Amino acid sequence: MRNKAALITGGATGIGKRTAFMLAAKGIDLVINYRSSQKEAVSLCGELSGKYGTRNIALQGDISITDDCVMMAEAALNEFPVIDILIHNAGPYVHERKEMLDYTFEQWNYLINGNLNAVFYLSKLFIPKMRETGWGRIITIGFDRVEYSSGWVYRSAFAAAKTGAASLTKSIALEESGNGITANMVCPGDITGEWKEKNIEEAAGAYESASPVGRPGTGEDIARVISFLTDEKSDFITGSIIPVTGGKDVLGKIYQE
């Protein structure tokens, strides 16, 4: 039997990288998409192959560009007969605080394309092969309370795109339920900087007063949930929006900034 194959957008660093390790440990072959982190992506592929014996390729592409998504799908399906697992990890984010009127048309479209339209582009390109095999997993990434269409001050484009992606994830789950394909959204809490690539054991020794569980969140916290959703026996979980926040009121913190 062949290994299952997964594509992780933005998989060279951060939470995507932690997810890659988690899936490779389960014997899943990987396509590591990157936009500009070629060195990190190639290095990761080699490390995973050496440690777990999986087949892994690095694939450049900007998910906000339709033609790049088409190119990525063609390249991935040339390497693997089907991409069984699609993880929409990458998502453009502008750290500068901007009111809606301060966005240019180009900035707005970039954020909407990268966080919402890319989910449509890649899902449309990979679902047909999943249907042929009668099995698939699609996982998107959101934010705290995205399912309530919450406003996010100074993050209007990102919030609008992720809210749309949450609805699209649920629609995919409904439409593909008879094809053995599940679709779910995982919503990380306030995981920043180096913690995106750290594991839970490292966080256990660190104290964070703002976190109800008393420690920082890590990339492993998110990767464990994603990995669970890819299991064969996780097929009863679909159309779900799953927060992984350590109990922190992430949006409440944002409103106070």
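The values are calculated or read from the model by the stated rules, or taken from the named source; none is laboratory data. Here the structure is a predicted model, which means the values were calculated and not measured. For neighbour counting, all protein chains shown are included, and Cβ atoms are generated from backbone atoms with ideal geometry for every residue, glycine included.
Out of everything in region 104-138 that is in contact with a Leu (Cβ under 9 Å, 6 or more places away or on another chain) and among the small types (Gly, Ala, Ser), what residue ends up being nearest to Ala6 (Cα to Cα)?
Our first condition is that a residue be in contact with a Leu (Cβ under 9 Å, 6 or more places away or on another chain); within region 104-138, this holds for 116, 119-120, 122-123, 125-127, 129-130, 136-138.
Right, trim to among the small types (Gly, Ala, Ser) and you get 123, 136.
Values: Ser123: 13, Gly136: 10 Å.
Out of the qualifying residues, it is Gly136.
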Please list, ordered by residue number, the helices (runs of 4 or more DSSP H) wholly in region 159-257 having 1 or more residues that are modelled with pLDDT of 90 or more, within 17 Å of Thr19 (Cβ to Cβ) and under 16 Å from the mean Cα position of the chain (by Cα).
219-229
Exactly one condition in (1) part of a helix (DSSP H, G or I); (2) closer than 24 Å to Asn113 by Cβ is false for Tyr154; which is it?
(1)
Condition set farther than 21 Å from Arg145 by Cα and acidic (Asp, Glu), scope region 169-192, selection surrounded by the fewest Cβ atoms within 10 Å (Cβ to Cβ): answer is Glu175
Out of all the residues in region 175-184, is one or more of a type in the set (A, V, I, L, M, F, W, C), under 30 Å from Leu44 (Cα atoms) and in contact with a helix residue (DSSP H, G or I) (Cβ under 9 Å, 6 or more places away or on another chain)?
yes
Could you grab me the full set of residues in region 198-236 that are within 28 Å of Arg137 (Cβ to Cβ) and charged (D, E, K, R)?
Lys198, Glu201, Glu202, Glu220, Asp221, Arg224, Asp231, Glu232, Lys233, Asp235
Could we say that Lys124 is part of a helix (DSSP H, G or I) and without any contact (Cβ under 8 Å) to a residue 12 or more places away in the chain here?
yes
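So that you can scan it fast, the table gives a plain yes or no per residue for (1) touching a Pro at 6+ places or on another chain (Cβ under 9 Å); (2) farther than 21 Å from Glu79 by Cα:
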site	(1), (2)
Asp102	no, yes
Asn117	no, yes
Leu122	no, no
Ile127	no, no
Trp135	no, no
Ile138	no, no
Ile141	yes, yes
Gly151	no, yes
Arg155	no, yes
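Matching residues to (1) of a type in the set (A, V, I, L, M, F, W, C); (2) within 27 Å of Ser209 (Cα to Cα):
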| position | (1), (2) |
| --- | --- |
| Trp108 | yes, no |
| Phe120 | yes, no |
| Pro128 | no, no |
| Glu175 | no, no |
| Pro188 | no, yes |
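Would it be correct to say that Lys39 is without any contact (Cβ under 8 Å) to a residue 60 or more places away in the chain and closer than 23 Å to Ile222 by Cβ?
no
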Within region 94-140, which residues are among the aliphatic types (A, V, I, L, M) and in contact with a His (Cβ under 6 Å, 6 or more places away or on another chain)?
Val119
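Examine region 101-110 for a residue that is of a type outside the set (D, E, K, R), part of a strand (DSSP E or B) and either closer than 24 Å to Ile172 by Cβ or touching a residue at least 40 places away in the same chain (Cβ under 8 Å) (or both), and state whether such a residue exists. Don't jump to the end; show me each part of the working.
Looking only at region 101-110, we keep the residues that are of a type outside the set (D, E, K, R), and these are 101, 103-105, 107-110.
From what's left, part of a strand (DSSP E or B): none.
The answer is no, given that none of the residues of region 101-110 is of a type outside the set (D, E, K, R), part of a strand (DSSP E or B) and either closer than 24 Å to Ile172 by Cβ or touching a residue at least 40 places away in the same chain (Cβ under 8 Å) (or both).
Every residue in region 147-170 that is of a type in the set (D, E, K, R) and in contact with a strand residue (DSSP E or B) (Cβ under 9 Å, 6 or more places away or on another chain), please. First the steps, then the outcome.
Taking region 147-170 and keeping what is of a type in the set (D, E, K, R), we get 147, 155, 162, 170.
Within region 147-170, Glu147, Lys162, Lys170 qualify.
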Give the residues of region 131-146 that are in contact with a strand residue (DSSP E or B) (Cβ under 9 Å, 6 or more places away or on another chain), farther than 25 Å from Val244 by Cβ and not in a loop (DSSP other than H, G, I, E, B), sorted by residue number.
Arg131
Every residue from region 221-240 that is crowded, with 23+ Cβ neighbours inside 10 Å and of a type in the set (D, E, K, R):
Asp221
